[in-house]
1. Can you work out the FRET efficiency for the pair Gln30 and Arg148, with r the C-beta to C-beta distance and R0 = 35 Å, to the nearest 0.05?
2. Summarise the long-distance tail of P(r) for the range 12-163 by giving the % of C-alpha pairs beyond 21 Å.
3. Which residues in the range 107-122 place their backbone N less than 16 Å from a point set 7 Å from the Cα of Tyr79 along the Cα-to-Cβ direction?
4. Which residue, Glu80, Glu133, Glu154, tops the fluctuation ranking in a GNM of the chain built on C-alpha contacts under 10 Å?
5. In debye, nearest 20, what is the charge dipole magnitude of the range 12-163 about its Cα centre with +1 on Lys and Arg Cβ and -1 on Asp and Glu Cβ, if you could check?
6. With a cut-off of 14 Å, note down the residues of the range 86-118 whose backbone N falls inside the zone around a label point 7 Å from the Cα of Ala40 toward its beta carbon.
7. Probe of 1.4 angstrom, ligands and nucleic acids ignored: what's the accessible area per residue over the range 12-163, in square angstrom?
8. Could you work out [θ]222 nm for the chain from helices alone, using -39500 (n - 2.57) per DSSP H run of at least four and dividing by all its residues? Round to the nearest 500 deg cm²/dmol.
Amino acid sequence: MAIRNIVTEGDPILGKPCRRVEKFDARLHQLIDDMRETLADAQGAGLAAPQVGVLRQICVVDAVEGDGPVELVNPEILYEEGEQTGPEGCLSFPDQWGLVTRPMRVTVRAQDRYGQWFQMDGEELCARCFCHEIDHLHGAVFLQKMSRRLTTEEVESGSWAEGD
Ligand code: NI
């Protein structure tokens, strides 16, 4: 495994749609292993393949306490319900925060690293991460979805919730 470089704001790859994964081979497994290691090293909640320079529909989400990261290949949101509004950031936009409204619950359909289809439900932070990472695979980033920008102080103190 290896830690890959995370591309940041200004790299055009972050605005491009990803192609579907067709081959579930050793090269894919290496990429996913590297993405897991890169995500753990960066202490993030999720990472999408374009963030490491690969335009393929792959993301890793690590947003459920006690569970390991979830690997999603060719994911799509099947169902969404409710609403949540909260701060959101991204490893490709360090020290930037936005107030983003997302569904409270989603059901995602995806393939695993061997090509097997599965479905998974996510709530709260997990639902937010699924939406954020799947957006990356379509070339969209959270700055395009935020209702307003937040300062680091607003996020850390929780004061973003006041006066809304
Ligand atoms: Ni992101």
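The values are calculated or read from the model by the stated rules, or taken from the named source; none is laboratory data. A quick note: this is a predicted structure, and the numbers were derived from the prediction, not measured. Positions of Cβ are generated from backbone atoms using ideal geometry, with glycine treated the same way; all protein chains shown enter the neighbour counts. With ligands, DNA and RNA removed, areas are computed over all heavy atoms of the protein, side chains included. Shrake-Rupley method; radii C 1.70, N 1.55, O 1.52, S 1.80 Å.
1. Working: r = 40 Å, r/R0 = 1.14.
That gives a FRET efficiency of 0.30.
2. Numbers: 4848 of 11476 pairs.
Above the 21 Å cut-off, the range 12-163 has 42 percent of its Cα pairs.
3. 107-110, 118-122
4. Glu154
5. Working: 15 positive and 26 negative charges, 169 e Å.
Using only the charged Cβ atoms, the result is roughly 800 debye.
6. Residues passing the 14 Å test: none.
7. Working: 7630 Å² over 152 residues.
With all protein chains present, the range 12-163 gives 50 Å² per residue.
8. On the way: 3 runs with 36 residues, N = 164.
-7000 deg cm²/dmol, from helical runs alone.
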